[in-house]
1. For segment 130-170, enumerate the residues that are among the aliphatic types (A, V, I, L, M) and at pLDDT below 90.
2. Checking the condition more than 25 Å from SER154 (Cα to Cα), assigned to a strand (DSSP E or B) and of a type in the set (A, V, I, L, M), which residue from ALA130, ALA103 passes?
3. If you check every pair at least six apart or on different chains, which have Cβ atoms under 6 Å apart with a residue in segment 46-66 that is touching a residue at least 24 places away in the same chain (Cβ under 8 Å) and under 10 Å from PHE86 (Cβ atoms) first and a residue that is surrounded by 20 or more Cβ atoms within 10 Å (Cβ to Cβ) and among the hydroxyl-bearing types (Ser, Thr, Tyr) second?
4. Find all pairs meeting these conditions: Cβ atoms under 6 angstrom apart; at least six residues apart or on different chains; first residue within segment 117-144 and more than 13 Å from ASP60 (Cα to Cα); second residue part of a helix (DSSP H, G or I).
5. When you go through GLY94, GLY65 one by one, which is the residue that is buried (at least 17 other Cβ atoms within 10 Å of the Cβ) and either assigned by TED's automatic domain parsing to the domain that holds SER41 or among the polar types (S, T, N, Q) (or both)?
Amino acid sequence: MTRRSTAAGALATGAAGLLLALGAAAPAHAAGYRYWSFWESDAGKWAYATQGPATARPADGDAIGFRFALSEDSADATRPTAAPDFAAICADVGKTAGTKRIAVVVDFGTPKDAPAGETPPKTAPTTGCARVAENGTGADALAAVATPLRYDSSAMLCGIAGYPKQGCGEAVADAPDVTATAATAAPKAAEEDGGGPSLGLLVGGGAVLALGAAAVWKSRRRA
């Protein structure tokens, strides 16, 4: 076997190794979780809460929301479909000394988000104006308008108004295998890019070709 053939073989082996390494380095997607997400009002819009309802202490005039849905993580979480409209929800509730008013929105989600054998108790969000003590938490406000509530041993909110009947933020299913997903997405990516190869393949292929070219150059020098 000539040195040039050996270099070509090394090039092919290097290309295969690089592709395997890239595949091994690809991170797996997180599983989906079915749970009650907690939201706070922010300039008339919903913002994902940075703490749980048991420790959050909304101020008088705030709105909080709860949405049951299947989500991958906080960035993927589904917002309540009703707006955080304190003025409308608490229009008939006046402020009294030593208390605060908090608008509460409870969205039970859609049938596709429901656990097996269960359906959302209501198709439209439930709203209510909670009057709680000045140091009251989001959990206190929720308990004032929607019962019974169910928590787990770590104080995670598991059920509102008896829904769901069991379970608490469990993983539903793993995401599709990353290699299968990439193989399925490849034709679509090619169509969107006008049929050309992706940038990742170009960069990876260029690196392999550069290594191969260097090997051929060295073999010629030695010859």
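The values are calculated or read from the model by the stated rules, or taken from the named source; none is laboratory data. Quick caveat: nothing in here was measured; it's all calculated off a predicted structure. Heads up, the Cβs are rebuilt from the backbone with ideal geometry, glycines too, and the neighbour counts pull from every protein chain shown.
1. Of everything in segment 130-170, just one residue is among the aliphatic types (A, V, I, L, M) and at pLDDT below 90, namely ALA155.
2. ALA103 is the lone residue from the list that is more than 25 Å from SER154 (Cα to Cα), assigned to a strand (DSSP E or B) and of a type in the set (A, V, I, L, M).
3. Matching pairs, first to second residue: ASP62/SER41; ALA63/SER41.
4. Final answer for the pair search is THR119/PRO111; THR127/ILE89; GLY128/VAL145.
5. After applying the criteria, what remains is GLY65.
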